[in-house]
1. Output the direction-averaged projected area (hull surface divided by four) of the convex hull of the alpha-carbon atoms of region 303-352, in nm².
2. Sorted by mean Cβ packing within 10 Å, highest first, what order do the peptides 243-250, 312-319, 279-286 take?
3. List the residues of region 1-37 whose backbone N lies under 15 Å from a point placed 7 Å from the Cα of residue 52 along the Cα-to-Cβ direction.
4. Regarding the chain, what is the average projected area of its C-alpha convex hull, in nm²?
5. On the first, second and third principal axes, largest extent first, how far apart are the outermost C-alpha atoms of region 85-153 in Å?
6. Between residue 121 and residue 22, take the C-beta separation as r, use R0 = 30 Å, and let me know the FRET efficiency to the nearest 0.05.
7. Can you show me the helix-derived [θ] at 222 nm for the chain, built from DSSP H runs with n ≥ 4 at -39,500 (n - 2.57) apiece and divided by the number of residues, rounded to the nearest 500.
8. Using a 10 Å cut-off around each Cβ, can you sort 203, 271 from fewest to most neighbouring Cβ atoms?
């Protein structure tokens, strides 16, 4: 079977690695190499170990604790039972590209998908028609594949991040009330990845937030973060969307790598076994992403006093133990256990209505 994949990020390359064992697979990548420019904070829960063995080459740091701040500057500290992994995103992406090529996939650089089934060579500006049995859109939040095959336009946040030189205590700081959310993630003991995700005025919010950390700016990064909507369609006949193109993201934190890689596994299963992709990925990760979606809908209505109250009532050892043990990639289990140990959290459900 002739399969064309638009987008050579980790999700597109992982899809290719899984499919190229049995099919003729070609990846078209707009940039001149995989993994650059970097547009991602790159912190993953330990769930990543269920998908791919971690290699030292793409691990930048291991994080064992996080602080979650309220507007009144009070916070809770959570010490993870299993560490979060900060990845070198370029090395991580290249790992999946190497897997794809090892399994027989071809990758063609400097080629952009421009309109329905057309690919443009950015070197000579020539456009040609794609011939395929299956087309996979792994082309990010503003997916052209999605637009041209009537799968809709995704909503997204703007993310702005800087790598700064600043000594730190190797603990993630998370601010769920700044912008849509903001973060400071240690890349090492000497460097932090500091960023904000927002809908409007993101750069202004980011510049104000950066004053908290006051380090030497080494590099600026920015990108779009898709907003998951359970109503979004991800397939139309022989066309499929995966990863950011399908908005398979956790709306609470913006994380999309783990659910995207899981969706790639379901996509390969659907094509190899002639099954329905939409049903497969929703069965595996749909309920989890739905939970993140409704948590986000709820906390979007929070005022400062709500955040202050939430941090106050969750600052109990029983609740923090749940947050330390359960993965954010399994929010149903996490939320259920947190409510069972601390029913006071239920007062925030009224925000849904």
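What follows is calculated from the coordinates using simple rules that are stated; it is not laboratory data. Only a predicted model underlies this, so the values are computations on that prediction, with no experimental measurement involved. Neighbour counts run over all protein chains shown; Cβ positions are idealised from the backbone, glycine included.
1. On the way: hull surface 14.3 nm².
With every direction weighted equally, the projected area is 3.6 nm².
2. Details: 243-250: 28.2, 312-319: 14.9, 279-286: 17.6.
Taking the mean over residues of other Cβ atoms within 10 Å, the ranking is 243-250, 279-286, 312-319.
3. 8-20, 34-36
4. 17.5
5. Projected onto its principal axes, the Cα set of region 85-153 covers 37, 28, 25 Å.
6. On the way: r = 28 Å, r/R0 = 0.94.
Computed FRET efficiency for residue 121 and residue 22 comes out at 0.60.
7. Details: 10 runs with 104 residues, N = 353.
Taken over the chain, the calculation gives -9000 deg cm²/dmol.
8. On the way: 203 12, 271 22.
Ordered from fewest to most neighbouring Cβ atoms within 10 Å, 203, 271 come out as 203, 271.
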